[in-house]
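The values are calculated or read from the model by the stated rules, or taken from the named source; none is laboratory data. These numbers come from a predicted model, not from an experiment. Here Cβ is always computed from backbone atoms with ideal geometry, including for glycine, and neighbour counts include all displayed protein chains. Each accessible area value is taken on the protein alone, full model and side chains, heavy atoms only, with ligands, DNA and RNA left out. Shrake-Rupley method; radii C 1.70, N 1.55, O 1.52, S 1.80 Å.
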Amino acid sequence: QVKERGKGHYRFYQPQMNADLLQRVQMDHAMREGLRRGEFVLHYQPRVDLRADAVPGCEALLRWQRPEHGLVMPSTFIGVAEETGLIADLGHWVLREAVAQAARWHASGRALQVAVNVSALQFTQPGFVQDVADALHVSGLPPALLELELTESILIRDAEEALAKLQALAELGVELSLDDFGTGYSSLTYLKRFPLHRLKVDRSFIASMPEDDVDAAIVAAIVQMGHALRMEVVAEGVERAEQLQRLRALGCDHCQGFLFERALPAQALIEWLDRRTQACAAPAAGAPASR
Ligand code: C2E
Ligand code: MG
Ligand code: MG
Ligand code: MG
C-alpha cells in the first residue's frame, strides 16, 4: 500500500503524482524480483585504441530482460534503482558478473579489460573497496583488467573520503576513469589529486563535432588537459567518420561509439573482435559495422 507523506502540510489529492509513485514502487518490486530470477544481463561495448587500432577493453552496460517488456535499457530503470537504493544490490551483481566474465576471457587467453559503471550510492558504501577486492579474489582476474567508471558527482560530494577510496582502489591495481566528463563540476585541483587513469568525454560534446567549433575546441582542451595530467582521454558516443577523423587529429586516445559497435552480449562481442582481427589488413578502423 502506497502512502504519500506531506511535509507537515496538507496535500490535495494529486492523481498524477500517485500514479508516478505507484509506478516506481511497482518498478522497484519488479526489479527486485528480476534480480532474484536472473533477468538482468550485461552487454559489452568495445573501446577502441586509435593509435594501436586495437580494442584494449569494453564497457559493461546493464540490460534487463523483462518478461513481456523485451530488453529494457538503463535509462528506464537506473533512476528508480538509485532512488530506492536497489542500485547497491544491482551494482554488486554487475561488479561480480563483469569481473567473472573478464576472468573467463582472461582464462581463454584474451586480455580484455572490462569497465564497470559505479553509482554514487554504491561507491559511498563502507564495504565498496572490499567488495571490489573480493570480486577480484574470487574470480582470479588480474586487477589491471578491471576499470571502474565514476562520475564527477561521486568525487566532489566528499572529496577527502573519495580520495582515500580512490587511493585504496588504485592500490588494488584496478584502473579508474571519470565518466561523462565535462557535465559535472570537477575542479582542476581534484583532477590533479585523484589517481585517475582515464577521462571519458561526455557524448554531448562529441555529438556536434566537428561542425560546432565551440564543442570541438572544448574537446581539444580536454584532450590537452588530460594528457598534461597523464591521463588517457576517451571519446564517448562516436557515431560518424568525420568525428573520428577530428578526434584522431586532436590526439584523442580511445573512442567508443556506434561507429564501431553497440554494446553486445559477451559472445557476440568476441565474434565481433574476431571478425575485426581477421579484417585487420583493411585499414579503415571505424567503418560502420553492418548488422
Ligand atoms: P554511460 O556509462 O555514459 O554509458 C554510455 C552510454 O552511451 C550507453 O548507454 C551506451 O550504449 C551509449 N552509447 C555508446 N555509444 C553511443 C553512440 O555512438 N551513440 C549514442 N547515442 N549512444 C551511445 P546505455 O547502455 O543505455 O546506458 C546509459 C547509462 O546508464 C550509462 O551511461 C550509465 O550511466 C548507466 N548504466 C548502464 N549500466 C550501468 C550499470 O551497470 N551500473 C550503473 N550504476 N549505471 C549503469
Ligand atoms: Mg560509463
Ligand atoms: Mg558516459
Ligand atoms: Mg554515465
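What to note about this one:
- Between GLN267 and ASP53, the simple spin-label model (points 7 angstrom out along Cα→Cβ) gives 3.1 nm.
- Taking trypsin sites (Lys or Arg not before Pro) across the stretch 44-102, the ones in a DSSP loop with at most 13 further Cβ atoms lying within 10 angstrom of their Cβ are ARG51.
- Nearest-20 debye value, the chain charge dipole, Cβ charges on Lys, Arg, Asp, Glu: 400
- Hull-based mean projected area of the stretch 38-95, where the convex hull spans the alpha carbons, in square nanometres: 5.0
- Taking 0.36 nm per residue of sequence separation and removing the Cα-Cα distance, the ASN18/TRP93 pair yields an extension gain of 23.9 nm.
- For LEU264, the amide hydrogen comes within under 5 Å of the amide hydrogens of TYR44, GLN45, counting only partners 5 or more places away or on other chains and with H modelled in the peptide plane.
- Projecting the Cα atoms of ILE154, CYS58, VAL80 onto the charge dipole of the chain (Cβ charges, centred on the Cα centre) puts VAL80 farthest toward the positive pole.
- Helical runs assigned H by DSSP (4 residues or longer) give the chain a calculated mean residue ellipticity at 222 nm of -14500 deg cm²/dmol, each run adding -39500 (n - 2.57) before division by the residue total.
- Shape category assigned to the stretch 61-156 from the gyration tensor of Cα positions, a/c cut at 1.5: oblate
- Candidates ALA170, GLN278, PHE260 compared by Cα position along the dipole of the stretch 143-291: farthest toward the positive end lies GLN278, with charges placed on Cβ.
- Using the 1.4 Å probe convention, the accessible area of the chain works out to 52 Å² per residue with neighbouring protein chains retained.
- Rounded to the nearest angstrom and listed largest first, the equivalent-ellipsoid semi-axes of the stretch 170-291 from its Cα gyration tensor are 26, 19, 12.
- Percent accessible area from carbon and sulfur atoms, the chain, protein chains only, probe 1.4 Å: 53
- Between ALA98, ALA133, ALA235, the residue with the greatest mean-square fluctuation in the GNM of the chain (Cα pairs under 10 Å linked by springs) is ALA133.
- Comparing mean-square fluctuations of VAL114, VAL80, VAL48 from a GNM of the chain with C-alpha springs under 10 Å, the top value falls on VAL80.
- Seen from VAL174, the other residues with C-beta closer than 14 Å to its C-beta sum to a net charge of -4, counting Lys and Arg as +1 and Asp and Glu as -1.
- The stretch 164-194: chymotrypsin sites (Phe, Trp or Tyr not before Pro) in DSSP loop, at most 12 other beta carbons within 10 Å: TYR185
- Where the Cα pairs of the stretch 122-180 fall when distances are cut into 5 Å bins, in %: 4, 18, 31, 27, 14, 5, 1
- Residues whose amide H comes within less than 5 Å of that of LEU148, counting only those at least five positions distant or on another chain, are VAL116, GLU175, LEU176, SER177 (H built at 1.01 Å from N in the peptide plane).
- Theoretical gain in end-to-end length, ASP213 to HIS29 [0.36 nm per residue, Cα-Cα removed]: 61.6 nm
- Shape analysis of the chain based on the Cα gyration tensor places the equivalent ellipsoid semi-axes at 32, 23, 22 Å, largest first.
- For the pair the stretch 121-144 / the stretch 16-41, the C-alpha centres are spaced 27 Å from each other.
- Measuring with a 1.4 angstrom probe and ignoring ligands and nucleic acids, ILE222 comes out at about 10 Å² accessible.
- Scanning the chain for DSSP H helices at least 15 Å long along the axis (C-alpha atoms) with a Kyte-Doolittle mean no lower than 0.5 picks out 128-139, 213-228.
- Of the GluC sites (Glu not before Pro) in the stretch 189-287, the ones in a loop by DSSP (not H, G, I, E or B) with at most 13 other beta carbons within 10 Å are GLU211.
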